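Taking it in order: structure first as structure tokens, then the write-up.
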Amino acid sequence: MNEKAFHTLEYDKILERLESYAATQAAKARIRALLPMNSIDDIRRAQTETSDARDRISRCGSTSFGGIRDVIGSLRRLEVGSSLGIPELLAISSLLDAASRLRAYGRRDETSEPDSLDALFSCIEPLSPLNSEIKRCIISEEEIADDASPGLRQVRRSIRLAGERIHSQLSSLLVSASSYLQDNVITMRDGRYCLPVRAEYRSQVPGLIHDQSGSGSTFFVEPMSVVKLNNELKELSIQEQKEIEKVLAGLSVQASEYISAIEADYRALTELDFIFAKAAFSAGYRGIAPRFNDGRKIRIKKARHPLLDQKKVVPIDVELGGDFSLLVITGPNTGGKTVTLKTIGLLTLMGEAGLHIPAAEGSELAVFDRVFADIGDEQSIEQSLSTFSAHMTNIVRILDEADECSLVLFDELGAGTDPTEGAALAISILSRLHRQGTRTVATTHYSELKLYALSTDGVENACCEFDVATLRPTYRLLIGVPGKSNAFEISSKLGLPDEVIDEARAAIGVQDEAFEDVISDLESKRRNMEEQEAQAAALRNEIEKLKSDLASKQERLDAQRERILREAKEEARGILQEAKDSADRAIRTMNKAGVRVSREAEAERSSLRQRIDALDGDLGLKAARRSKGLRPADLHIGDGVKVLSLNLNGTVSTLPDAKGNLFVQMGVLRSQVNVSDLELIPDEDDSSAGRISGAGKVAIAKASTVSPEINLVGMRVDEAMAELDKYLDDAYLARLESVRIIHGRGTGALKSAVQTMLRRNRHIDRYRGGEFNEGGYGVTIATFK
């Protein structure tokens, strides 16, 4: 790759920002050395890793890579049999802590799909026994635990006893020789206990002099009575250091058994740090993973320069390599031409480096072997190069090195010299690159290059839009439209006299003026077409809204009509049923009295029955009568049924009880009904009735698997709370009325934690201690709302 292009396109600034997202020095170093890749397989793999890390962050939240220390040097020392010091062992422990944390973060549940990071997470080994042993023995960088070894515990106990004897002896001297002392304190000099004796009384306190104050008025004397004790304490201190060295040597031997695993952990963790840094960086600018092709085609949608303010930058759409391989961008200064060039080049470099790009989904990039850029002022005073000479030096190198697998970006090609000669050179340079198939984008002010693009196959014009009315660029890139400098219009708006502008117009050729007029006419027509398209889109949206409102209103009217008709039919049925019941009672009375019923009365009663049956058919009551033959054994969990009394379809949640009652899930409604009020829905009649989805599927699954009680006995409080929290969620989804929580008696800490969680759970209505036959003090009964 071209180092100069990295700096010109500000790829190095992208790496600086990316580096701030990494936690480990190894990941930061890798980012600083990150280069674009030429292999499409390597690029796709890196893009997939970044996307998978971004997905994990979105789904599980971010994780910390803090505490990952570089232990490679320590591992090399272990390989040659050296013992590690306290800081090195603590660094290994810190690394293993991070390994344990990230192994848990990378663990997937049953519903998650596998991704490209699973292999990295699965090779992490927390080595808990080794880590626990290091933590047990080493308290901090300055302290080894007393229980690190029996010998160390015994030595430190002896040190404490010796210190107590010395203090006891010196305390008695403080009382008896207090008049000889400068202060009634016990101090230490050179690791030995001493007394501060006044200079004039030093002969009154026999002992060894270890120090003298700056003024010479105080001598620090070790009394002869504690010299032996101090000697013993010194020997114990030496012995203590030897015991510490034994402990460290033992820990080093244990660590040496896991050299390969520790090194693998370090490599995996720093690799994950690098990948997650790319993912976090992508989230910062709402990046996407571009598709890559080997046909050297660029198709970027809504591209944004990543170093600009993402709230203010205007997105651009860019194409190259399809219908045309050379794009000529024209337009006024400060219109966004250079930003467009840098955006194309920088996004190409970022994509090839495995970074997401700030663009819309569906964007596509090509794989280029090299990217060249000639952008900015290349003037060099030290090398006596003018702007034109500096640019031309760079262009000569580009023409010498670029091939069909290169991307070349030119800013103001041919500028800095005579316009006629500069335009001719620019056309020749672009023609050379176009003939060899190099993908090229160039910006210019020369009208000759616009004509070249219009008259040459495979070359396309583009412009950065400029609003003459406001004298402001819109920064939109318009492909297929040559740009106009708008020099006369801008000058007029800024107050240049009209006679000066007219004289300037007269100075340019008729053909040039006609060409500019054509461009202006095209621009005007394009704006009118865009306005008309916007108006048409607004009208289409309004029509769709009206259609939606009308459909909703019609649905409400149909529902109201059905309700009114149903109520009227129900009322009519009630009247007819009452009339039929009265007729039945009258006929029964007449039959008991021996009075013969006339044929007309029987016919009238039959007519009433037929009219009631007809109304029953409309109201769905015939189906209710037909369903009386449905047996409880015919129903299974998940069967599609129709609740006749509610006229709703649902799914069976529980099996019928002895009375034939069961629960049916109807959307968000869960109701208890009797088997006599149900009708089975065959799969072929209503394919949706037998399907269970969403909350219904979860509820049915939970109802069939969740036990009405949970046993927490033997668990630590933190483990028990995690289990209980998940169990309560499952029980609530399964619609259990109450649950039995077994926590045992013990110290009461687990019971207190359980009841605290129940108080805070929004699904719990109340809870109580268990009765004698329920488990008594060792059980809590919780009832759901």
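Throughout, read-outs are computed from the coordinates displayed, never taken from laboratory work. Keep in mind the model is a prediction, meaning the values are calculated, not measured. With ideal geometry, Cβ positions are generated from the backbone for all residues, glycine too; neighbour counts draw on all protein chains shown.
Structural remarks
- Charge tally in the Cβ shell below 12 Å around Glu723, where Lys, Arg are +1 and Asp, Glu are -1, Glu723 excluded: -3
- Its Cα centre serving as origin, the chain has a Cβ charge dipole (Lys and Arg +1, Asp and Glu -1) of approximately 4480 debye.
- Convex hull volume of the C-alpha atoms in the chain, normalised per residue: 385 Å³.
- Net charge of Cβ neighbours under 9 Å - reference Ala279; Lys, Arg +1; Asp, Glu -1: 0
- Which of Thr348, Ile57, Gly660, positive extreme of dipole for the chain (C-beta unit charges): Gly660
- Put a dot 7 Å past the Cα of Gln254, heading toward its Cβ, do the same for Lys493, and the two dots end up 7.6 nm apart.
- Cα shape, the range 198-266, gyration tensor, a/c 1.5 rule: oblate
- Prolate/oblate/rounded label for the range 288-347 (Cα gyration tensor, a/c 1.5): oblate
- Pairwise FRET efficiency - Glu200 versus Ser237, Cβ, R0 = 30 Å, nearest 0.05: 0.35
- When Rg and the Kirkwood Rh are both derived from Cα coordinates, the Rg/Rh ratio for the range 44-150 amounts to 1.08.
- Each peptide among 431-442, 342-353, 232-243, 120-131 gets the average number of other Cβ atoms lying within 10 Å of its residues, and from highest to lowest they stand as 342-353, 431-442, 120-131, 232-243.
- Spin-label pair Lys297/Ser172, simplified geometry with 7 Å Cα→Cβ offset, distance in nm: 10.1 nm
- A crude spin-label estimate for the pair Asp183 and Thr387, with each label 7 Å from Cα along the Cβ direction, gives 7.6 nm.
- Once C-alpha pairs closer than 8 Å and six or more residues apart are averaged by separation and normalised to the residue number of the range 96-207, the relative contact order reads 14 percent.
- When the range 186-296 is described by a simple charge dipole with +1 on each Lys and Arg Cβ and -1 on each Asp and Glu Cβ, the residue from Ala255, Asn231, Phe276 located farthest towards its positive end is Phe276.
- Gyration tensor (alpha-carbon) shape descriptor, the range 126-184, a/c threshold 1.5: prolate
- Mean Cα-pair separation over length for the chain, i.e. relative contact order, pairs under 8 Å, 6 or more apart, %: 9 percent
- Multiplying the residue separation of Ile575 and Lys785 by 0.36 nm and removing their Cα-Cα distance gives an extension gain of 71.4 nm.
- Options Val441, Ala424, Ile43, ranked by Cα towards positive dipole end of the chain, top entry (Cβ charges): Ile43
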